[in-house]
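Chemist: Here you go, one structure.
The values are calculated or read from the model by the stated rules, or taken from the named source; none is laboratory data. From a predicted model like this one, the values you see are computed outputs, not experimental measurements. All Cβ positions, even for glycine, are placed from backbone atoms using ideal geometry, and neighbour counts span all protein chains on display. These accessible areas exclude ligands, DNA and RNA; they are computed on the full protein's heavy atoms, side chains included. Shrake-Rupley method; radii C 1.70, N 1.55, O 1.52, S 1.80 Å.
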Amino acid sequence: MDSLIIRGGTRLDGTLRASGSKNAALPILAATLLTGESCTLQRVPLLKDITTMMTLLSSLGAGALRNKEGVVVVEGGSVQVFKAPYDLVKTMRASILVLGPLLARYGLAEVSFPGGCAIGSRPVDLHIRVLEAMGADVQVREGYIVARAPNGLVGVDFTFDTVTVGGTENAVMAASLAQGISVLRNVAREPEIIDLVGFLRAMGAQIVGEGTDTLTIHGVAALQGANYSVMPDRIEVGTYLVAAAATRGRVKIEGIVPEILSVVCDKLRHTGACITEGEDWIDLDMQGNRPRAVDVVTEPYPGFPTDMQAQFTALNTIAEGTSRVTETVFENRLMQAHEMKRMGAEILIDGDSAHITGRLSLQGAPVMASDLRASASLVIAGLVASGETRIDRIYHIDRGYENIEGNLQCLGADIRRIST
Ligand code: EPZ
């Protein structure tokens, strides 16, 4: 297994280009199952989770390949296998996103029931409930979700009890081929949902309302292949902005649409960061100042993103003042605090909140990654710690960040990957 070795104390300084969004590319790849025609996708990030999804598509019979220019082509064709096996699903929960498309196009899907993960139980009850409302028969047998809709799916007026990104994605993909009209209420409003709808529309789907809490879909008989470019990854960009602020440095990130990060940038301004924005870039300059502590409460979009919570926790450990970080979306997403305390951070966990007293610096230590964003927050902690930090189990990071050590080296960080 690989580890990252970081010697802290360097102020980041430089320019990066945003990668394509993992959390947009995954549902878009799943959506290619809705057509037998070929789909071509640009700006699909080079990540472990993307490779896993492409492997899953190929195992179903929809050949997914990345050509030498980095463009992903999914041949589609007629899927011969309708089963997403446990061995693949256990490595990536987002495999559940093939459930809606397989059911909508073939009337049949078997997806291994995704287990929980480090951040929470991650149920999929709402995915199942909306598909049942569309007329599917869904059973859970021997660890598999077995869904059937021999007569096809039917449009439905459905309200989600909880805002769920994945549940919204499965529902809108299924409704695109359902008979009749679907009105989906209390849906997720994330930019990644908007990007998925953009791809579905390019395939010929009839959808309105993306970015609001209600989606209306007129089902069509068939969808066509499409050529599409995936949106930039707002969480990857936010992570590098926080790293620059924590190290009192400056970074310019190109290829990003600023408004999808407005809440994060406003929060960074409250730390004292000077942020300027252009049409497709964001520039953060800390001007060598120590960040001020900021309170954070995570919420579904357009609120503060839960995927940026761990990174701000790291920043607050060396910020001026005290802060409270409250996680409302997942039940166990404060674990990075325990590893940071081993680096000298002053953090008190009380239920769903972390109470943090900023210190001038942390001490480097061997720490262990537990999930994707917690791992990224430990990298930030290592960048601001005195001495050396070794982060083990960094396969978590490789799931969501392209070449993180290469990007940080470009910004001047003393970081390297070792195989242990
Ligand atoms: C997506 O996960 C993202 N993953 C997550 O990013 C992100 O943290 C999350 O949305 C919230 O923004 C991808 O897009 C691949 P949810 P998802 O369904 O869809 C509850 C990362 O770091 N819920 O919106 O699984 C659930 O327990 C990852 O890139 C139900 O109760 O999240 C949670 O409390 C981590 N029943 C809340 O909804 C359901 O059927 C939000 O979960 C589904 C969800």
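Chemist: Could you list all residues from region 139-182 that are of a type in the set (Gly, Ala, Ser), open to solvent by less than 10 Å² (accessible area, probe 1.4 Å), within 17 Å of Arg201 (Cα to Cα) and out of contact with any Ser or Thr (no Cβ under 8 Å at 6 or more places or on another chain)?
Modeler: Within region 139-182, Ala174, Ser176, Ala178 meet the criteria.
Chemist: If you go through region 378-393 one residue at a time, do you hit one that is open to solvent by 60 Å² or more (accessible area, probe 1.4 Å), farther than 14 Å from Ala319 by Cα and under 18 Å from the mean Cα position of the chain (by Cα)?
Modeler: Among the residues of region 378-393, not one is open to solvent by 60 Å² or more (accessible area, probe 1.4 Å), farther than 14 Å from Ala319 by Cα and under 18 Å from the mean Cα position of the chain (by Cα), which makes the answer no.
Chemist: So Gly272 ticks every box in (1) within 18 Å of the chain's Cα centre (by Cα); (2) open to solvent by 10 Å² or more (accessible area, probe 1.4 Å) but one. Which box is left unticked?
Modeler: Gly272 satisfies every listed condition except (1).
Chemist: Picking from Val237, Val297, Val230, Val257, which residue would you name as being open to solvent by 10 Å² or more (accessible area, probe 1.4 Å), in contact with a strand residue (DSSP E or B) (Cβ under 6 Å, 6 or more places away or on another chain) and under 27 Å from Val163 (Cα atoms)?
Modeler: Val297
Chemist: State the number of residues belonging to region 171-190 that are over 13 Å from Leu99 (Cα atoms) and within 16 Å of the ligand (Cβ to nearest atom).
Modeler: Number of matching residues: 7.
Chemist: For region 199-229, give me each residue that is of a type in the set (Gly, Ala, Ser) and more than 16 Å from the ligand (Cβ to nearest atom).
Modeler: Ala202, Gly204, Ala205, Gly209, Gly219, Ala221, Ala222, Gly225, Ala226, Ser229
Chemist: Shifting gears a bit: If you go through region 335-352 one residue at a time, how many are assigned to a strand (DSSP E or B) and open to solvent by less than 20 Å² (accessible area, probe 1.4 Å)?
Modeler: Qualifying residue count, region 335-352: 1.
Chemist: On to the next question. For a quick check of your reading of the model, give me the residue pairs whose first member lies in region 309-332 and is under 17 Å from Arg359 (Cα atoms) and part of a strand (DSSP E or B), whose second is modelled with pLDDT under 95 and more than 14 Å from the ligand (Cβ to nearest atom), with beta-carbon atoms closer than 6 Å and at least 6 apart or on different chains.
Modeler: Within 6 Å, no pair qualifies.
Chemist: Sticking with this structure for a sec: Can you name every residue in region 108-130 that is of a type in the set (A, V, I, L, M, F, W, C) and more than 6 Å from the ligand (Cβ to nearest atom)?
Modeler: Leu108, Ala109, Val111, Phe113, Cys117, Ala118, Ile119, Ile128, Val130, listed by residue number.
Chemist: Scan region 55-77 and tell me whether some residue there is under 30 Å from Arg390 (Cα atoms) and open to solvent by less than 10 Å² (accessible area, probe 1.4 Å).
Modeler: no
Chemist: Among all residue pairs at least 6 apart or on different chains, which show Cβ distances below 9 Å where the first residue, located in region 80-91, is within 15 Å of Gly116 (Cα to Cα) and the second is among the β-branched types (Val, Ile, Thr)?
Modeler: Leu88/Thr52; Leu88/Thr55; Val89/Ile96; Val89/Val111; Thr91/Thr52
Chemist: A further question on this structure: Search region 79-107 for residues being more than 28 Å from Phe158 (Cβ to Cβ) and touching a helix residue (DSSP H, G or I) at 6+ places or on another chain (Cβ under 9 Å), and hand back the single one that is farthest from the ligand (Cβ to nearest atom).
Modeler: Checked region 79-107; the qualifying residue farthest from the ligand (Cβ to nearest atom) is Gln80.
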